[in-house]
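One structure, pasted below without further comment.
The values are calculated or read from the model by the stated rules, or taken from the named source; none is laboratory data. The structure presented is a predicted model; accordingly, all values stated were derived computationally and were not measured. Positions of Cβ are generated from backbone atoms using ideal geometry, with glycine treated the same way; all protein chains shown enter the neighbour counts. These accessible areas exclude ligands, DNA and RNA; they are computed on the full protein's heavy atoms, side chains included. Shrake-Rupley method; radii C 1.70, N 1.55, O 1.52, S 1.80 Å.
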Amino acid sequence: MTDTKPDTAPDYAPVPESAEAVRHWLAERPSFALFIDGRWQASRDALPAIASTNPATGDLLAHIAQAGAQDVDAAVAAARRAQPAWAALSGAERARHLHRLARLVHKHARTLAVLETLDNGKPIRETRHIDIPGAVRHLTYHANQAARIDQIFPDHTPHGVAGQVIPWNFPLLMASWKIAPALACGNTVVLKPAEYTSLTALFLADLVAEAGLPAGTVNIVTGAGDTGAALVAHPGVDKVAFTGSTEVGRAIRRATAGSGKALTLELGGKSPFIVCADADLDAAVDGLMSAIWFNQGEVCCAGSRLLVEEAVAEPLVARIKARLARFRLGDPLDRTTDMGALVDRVQHERVARLVARAVAEGAAPWQPDIDCPATGCFHHPTLLTDVAPANVAAREEIFGPVLSVMTFRTDAEAAELANNTRYGLAGSVWSETGGRALALARRVKAGVVWVNCTNKLDAGVPFGGVRQSGFGREGGREGLLAYLKPRDPWHDRGDGDAAEAQGPGTETETGTAVPAGVADAAHQAVAAAAKAAPWAHSDGRTRAAALVRLAEAVDERRDALVDRLVEATGADRAAARHEVETSAARLYAYAGHAEGHEGGASLAQPGQTVLTLAEPVGVLGIVCPDAPSLVAPVSLLAPALAMGNRTVLAVSDRHAALAEDLQALLAAARLPQGVATLLTGAPGALARALAEHGEVDGVWCFASAADAAAVEAASADDLKRTWVSRGRSPDWLSPQAGDGAAFLDAATATKTLWLPHGA
């Protein structure tokens, strides 16, 4: 598996970073309590402490308290008490607190960098130049946004208490990433850091107190998976934010189904790194060093799949091997070290096991002949060639320093290989032809794509995935919105309406089989929608024209639609006419949105232009409420079509005659076949059928609370996006409630493209 080390390999003298101050700090605090309500508290549950060790040496660093259910309850209660007063502060006052915290993190940057390296195993040059500055950037950016939050989102309020669970690969950065937007928006926080890497979060707790944040505003409970599960399930938590594995993300989706908790999930990835024949190969190799061997490959958006055009595969692989032959693997505190230790022995064994399995499945392994410490959780940087698309190295997130290599001949093949994964977090495209690079980047199904660069991140730019890489965004406007809810709540329809909406004999319990006839009808509708994929790539003008035709069809049939509403619902003619006129007006409004809600551009960093694109979710299953029977389906269908989604619209069979009118309107609009398909039946059964379908990308369920819970639970398998009303409704006839940004946001998935352009 190794090549001979070249005789010309340079020999660098070690440049160790002193850890004396950090070791002195740890010696003074050999064990840590929980940070609850502004002070350190012993665990009420008295669970065994967790040993925090240095993965590079195995040395014990400290013992960490393990929070149990009583501790989590106390932390949530403290956050609940503190939240009204914190939210009542002006945005400027919250900004002052966050700026003070940012300055303290900056003041202690060296200590935090050394502590992070000891606890995590990553090289000191990464913690000093990436992790800690990134944490300061997030705190500062969100402090600035806090000062103007009421101007950005005048009609929103904070969720309340945010329960946040973070991973071990970027401990302090992730803590700041989560805490800063939550506090900026007026929420209070209970944070659960990873059990392997809690020390910098605990150091941050002291800084929170020193910054003068009110007691209970930030609470930190340490522990293993059970602690996180208790936090996620706690009824006092209003918003859950999780970064971690897809498997745990599924469990959280199931645990929160039907609870009413807001949820964002940033999960795993298997990101493609596409190198075209016209790329600058030396620059691409530099990018690969950051894409897969940065942070030991323990990065959710790591470029772990190299897709290289066949014509340059051999010279590119030769360049990679030559670069790795000079790699320095060793002491993370040495400033000349390129790659440190994996976080824990468990992770080291997992990586080794997956590499062995990839080799057994036909991959050819290569590792450089470089020095590797005999002790600690070190793993050689590994290159796997001859990797078939079905190989485990091409399919599964290894989360280690392992790169799999595959080749392509055409851009279409490159896009197909890139999207041949259940994940969709990030990707990277390398080509000196701008048009080719941008076209390929648009075809990659991922939340973030870098062009001729990689791993560019900024607090002001949204980051997050699609498909089984999760949903929701962190950073930028979208990241703030995730910690807010509309100020004007939807009204309850009442138990009678909610039960009635399920239809006679409908079962919505998780695990109850969908009737075969309903499943078959849903499958046929979804298959038609899948074939209408070109609609997703149509321009705003084309989509606007289709919505105008639909609006004109409503206008032309106005009197007949009024008659039908009077007959079907018992409404008086004035009310029926108002509903028809509102339906037409809404379609005209969304025709305008089709050309005006497609994204924007910003200068995120020097030399980096960022395009933020509002892409369609994909195939949307939309379960409509019973009433109002015309304007509600129109209000849901219009934004979905405006943003390029293909739709399966499920309406109750209680209004079969109106469903026929809707079908006639869709036919008159001359939409492409499969773009909008109508199903009638019991809403609960239709909702479950759509939520369980593997080719449905998102489900909107405006039916009962029971139906909503079933949809959220059923969506956990493939982590599709959901938007549910839980038996409540907006005022569909009001432009403020039944129209606008909330519907457009639900109809889109933000895609971020990073484009370098020089100074």
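Can you give the net charge of the other residues whose Cβ lies under 15 Å from the Cβ of residue 347, counting K and R as +1 and D and E as -1?
-4
Given R₀ = 60 Å, what would the calculated FRET efficiency be for residue 328 paired with residue 524, taking r from the Cβ atoms and rounding to 0.05?
Computed FRET efficiency for residue 328 and residue 524 comes out at 0.55.
Continuing with the same structure: Round to the nearest 0.05 the FRET efficiency obtained for residue 155 and residue 757 when R0 = 41 Å and r is the Cβ-Cβ distance.
Here the calculated transfer efficiency is 0.70.
Using 7 Å Cα-to-Cβ label points, what is the residue 536/residue 667 separation (nm, one decimal)?
The modelled label-to-label distance comes out at 2.9 nm.
Convex hull over the alpha-carbon atoms of the chain: what's its volume per residue in Å³?
Measuring per residue, one finds 155 Å³ for the Cα hull of the chain.
Applying a 10 Å radius around every beta-carbon, put 294-306, 595-607, 333-345, 649-661 in order of their mean neighbour count, most first.
Packing proxy ranking, top to bottom: 294-306, 333-345, 649-661, 595-607.
Before anything else, pin down the relative contact order of the range 645-743: Cα pairs under 8 Å, at least 6 apart, normalised by residue count, whole percent.
22
Let me ask you something else. Listed highest first by mean packing, meaning other Cβ atoms within 10 Å per residue, what order do 615-625, 429-439 come in?
615-625, 429-439
Additional query: In nanometres, what is the gap between the two model label sites at residue 386 and residue 657, each 7 Å from Cα along Cα-to-Cβ?
Rounded to a tenth, the inter-label distance reads 7.2 nm.
For residue 736 and residue 206, compute 0.36 nm times the residue count separating them, minus their Cα-Cα distance, and round to one decimal in nm.
Going from the current span to full extension adds 186.4 nm.
Run the helix sum for the chain: -39,500 (n - 2.57) per DSSP H stretch of 4+ residues, divided by residue count, reported at 222 nm to the nearest 500 deg cm²/dmol.
Rounded to the nearest 500, it is -13000 deg cm²/dmol.
Could I ask something else about it? In whole percent, and with a 1.4 Å probe on the protein chains, what portion of the accessible area of the chain is carbon and sulfur?
52
For the chain, what does the relative contact order come out to in percent, with C-alpha contacts under 8 Å and a separation of six or more?
About 13 percent, as a whole number.
For the pair residue 226 and residue 89, what calculated FRET efficiency results from E = 1/(1 + (r/R0)^6), where r is the Cβ-Cβ distance and R0 = 25 Å, to the nearest 0.05?
In this case the efficiency is close to 0.15.
Something else now. What full-extension length gain, to one decimal in nm, is calculated for residue 439 and residue 148 as 0.36 nm per residue of separation minus the Cα-Cα distance?
The span from residue 439 to residue 148 would gain 101.1 nm if fully extended.
Averaged per residue, what accessible area in Å² does the chain show with a 1.4 Å probe, protein chains only?
On a per-residue basis, the chain sits at 37 Å².
Once you place label points 7 Å from the Cα toward the Cβ at residue 311 and residue 106, how far apart are they in nm?
The two pseudo-label positions are separated by 4.9 nm.
Strictly greater than 16 Å: what percent of every Cα pair in the range 210-299 meets that?
The calculated P(r) of the range 210-299 puts 68 percent of pairs beyond 16 Å.
Write down the percent of antiparallel bridges among all DSSP beta bridges whose residues are both part of the chain, to the nearest 5.
Just about 35 percent of them are antiparallel.
Also, quick follow-up: Please get the size of the charge dipole for the chain, origin at its Cα centre, with Cβ charges of +1 on Lys and Arg and -1 on Asp and Glu, quoted in debye to the nearest 20.
1080
Okay, next question. If the chain between residue 567 and residue 356 were fully stretched, how many nm would it gain, using 0.36 nm times the residue separation less the Cα-Cα distance?
This chain segment gains 69.0 nm when fully extended.
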